[in-house]
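Below: the structure, in structure tokens.
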Amino acid sequence: MQKLQVGQLVCSNQGRDAGRLYIVVEILDEEFVRVSDGQKKPLSRSKKKNIKHLQKYNKFISKDLIAKLTNKKASDRELRFEVEDFKSQIEAE
């Protein structure tokens, strides 16, 4: 099983959202996590995903934003900025 952490960037491999980048916002159990991108899936409607259907990256959001996520004080705008920043890094490579 993959070990994912809150604040880790992932990409969906399965479903209608395949290829979309997300941030892990909550670990539900060993098989499922909740992900959000701050845009199509805001924090208020985060998506439940099977970890088998996610490609994980060794990239994490800032520690301050991880703390906000765990305290439920993060904003969709902050998540959107992090996802877009990572997307631009990937495209630059």
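If only residues of the stretch 69-79 that are out of contact with any helix residue (DSSP H, G or I) (no Cβ under 6 Å at 6 or more places or on another chain) and surrounded by 17 or more Cβ atoms within 10 Å (Cβ to Cβ) are counted, the one that is nearest to SER12 (Cα to Cα) is LEU79. Out of curiosity, is GLY19 at pLDDT below 95, within 18 Å of ALA74 (Cα to Cα) and part of a loop (DSSP other than H, G, I, E, B)? So GLY19 does not fit the description; no.
Here's the yes/no breakdown for (1) at pLDDT 95 or above; (2) hydroxyl-bearing (Ser, Thr, Tyr); (3) over 13 Å from the mean Cα position of the chain (by Cα):
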position: GLN14; (1), (2), (3): no, no, yes
position: VAL35; (1), (2), (3): yes, no, no
position: LYS49; (1), (2), (3): yes, no, no
position: LYS63; (1), (2), (3): no, no, yes
position: ALA67; (1), (2), (3): no, no, yes
position: LYS73; (1), (2), (3): no, no, yes
position: GLU82; (1), (2), (3): no, no, no
position: GLN89; (1), (2), (3): no, no, yes
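The residues of the stretch 22-56 that are surrounded by 20 or more Cβ atoms within 10 Å (Cβ to Cβ), of a type outside the set (Ser, Thr, Tyr) and in a strand (DSSP E or B), listed by number, are ILE23, VAL24, VAL25, VAL33, VAL35, LYS49, LEU54.
Pairing each residue of the stretch 68-93 that is in contact (Cβ under 8 Å) with a residue 60 or more places away in the chain with any residue that is exposed (fewer than 13 other Cβ atoms within 10 Å of the Cβ), provided the two are 6+ apart or on different chains, yields no C-beta distance under 7 Å. For first residues located in the stretch 1-29 and closer than 20 Å to ILE90 by Cβ, partners that are in a loop (DSSP other than H, G, I, E, B) and small (Gly, Ala, Ser) and lie 6+ apart or on another chain with Cβ distances below 7 Å form the pairs CYS11/GLY19; SER12/ALA18; SER12/GLY19; ILE23/GLY7; VAL24/GLY7.
The values are calculated or read from the model by the stated rules, or taken from the named source; none is laboratory data. This structure is a prediction, so every number in the text was calculated from the model and none was measured. Heads up, the Cβs are rebuilt from the backbone with ideal geometry, glycines too, and the neighbour counts pull from every protein chain shown.
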